[in-house]
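A short write-up of the structure that comes next.
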Amino acid sequence: MNNIKACIFDLDGVIVDTAVYHYKAWKRLANELGFDFTEHDNEKLKGVSRMASLDLILQWGGLTKTDAEKQELADKKNAWYVDMINHMTPAEILPGAKEFVEACKSAGIKTALGSASKNAGTILEKVGIDHLFDVVIDGNQVSKPKPDPEVFLKGAEELNIPPANCVVFEDAIAGVEAAIAGGMKAIGIGSPDVLGEANLVVKGLNEMTIEKLKKI
Ligand code: BG6
Ligand code: MG
């Protein structure tokens, strides 16, 4: 039995599958710039901030842009992305996600969201689960991207729970690394081949129970 008092959840790929919308918008931008990238390349963008994603994509296309041009391109991608997430509904919550966050609350475990996305608030509201989190930390409140632990440490601090009593749920390697760097436990959402550093890896929150959480 451990002493877990808080669960901190990443958003994209853990609570909702917005990766497909990020992919569509970045692909549209790359296509406008005259090149393409695959869904396999897209894996490298998971958990990575908006500007860092753009830098990677421009590198794949062999393009160099000024800071002003990059800002314009990132704004354009974000406008397309926002158009898509504005149509999201509760049906897009990943299987078991809502139920597990609710189970944590019923068990007296505090809940926080720790996301790199500046659009996290809009997404939570669209899928109707903003009330499930005691604290929300998103890309608007952090300056250092994952694998820096800033986003999760802020969440723990606002919850008033020591990092050692927190578990982070993450689908990105950078996110698992951020949790460990912050002195927290990590549960990977996805494949053990990719997220092997985590204390436990499950395919989705539908495989999680409070019992499993107490045993990691
Ligand atoms: C992360 C996603 O949660 O948020 C990344 O995994 C994304 O793909 C990042 O780039 C930033 O999101 P946004 O909404 O601020 O552009
Ligand atoms: Mg993620």
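Every number here is computed from the coordinates shown, using simple stated rules; none is lab data. Please read these numbers as outputs of a predicted model, since none were measured by experiment. Cβ sites come from the backbone with ideal geometry, for glycine too, and all protein chains shown count toward neighbours.
Taken over the C-alpha atoms, the stretch 73-216 has Rg and Dmax values of 15.0, 46 angstrom. GNM, the chain, Cα, under 10 Å: largest mean-square fluctuation among Ser143, Ser117, Ser49? Of Ser143, Ser117, Ser49, the Gaussian network model singles out Ser143 as fluctuating most.
When the chain is treated as a Gaussian network with alpha carbon springs shorter than 10 Å, the biggest mean-square fluctuation among Ala52, Ala25, Ala179 belongs to Ala52.
Considering only alpha-carbon pairs that sit under 8 angstrom and 6 or more positions apart, the relative contact order computed for the chain is 27 percent. Measuring nothing but how far apart in sequence close Cα pairs (under 8 Å, 6+ apart) lie, relative to its length, the stretch 165-216 scores a relative contact order of 27 percent. Listing Asp67, Asp17, Asp134 from fewest to most neighbouring C-beta atoms within 10 Å gives Asp67, Asp17, Asp134.
The stretch 38-97 and the stretch 125-171 have Cα centres separated by 21 Å. Helical content alone sets the calculated 222 nm signal of the chain at -12500 deg cm²/dmol, taking -39,500 (n - 2.57) per DSSP H segment of four or more residues and averaging over every residue. When the chain is treated as a Gaussian network with alpha carbon springs shorter than 10 Å, the biggest mean-square fluctuation among Ala30, Ala178, Ala156 belongs to Ala30.
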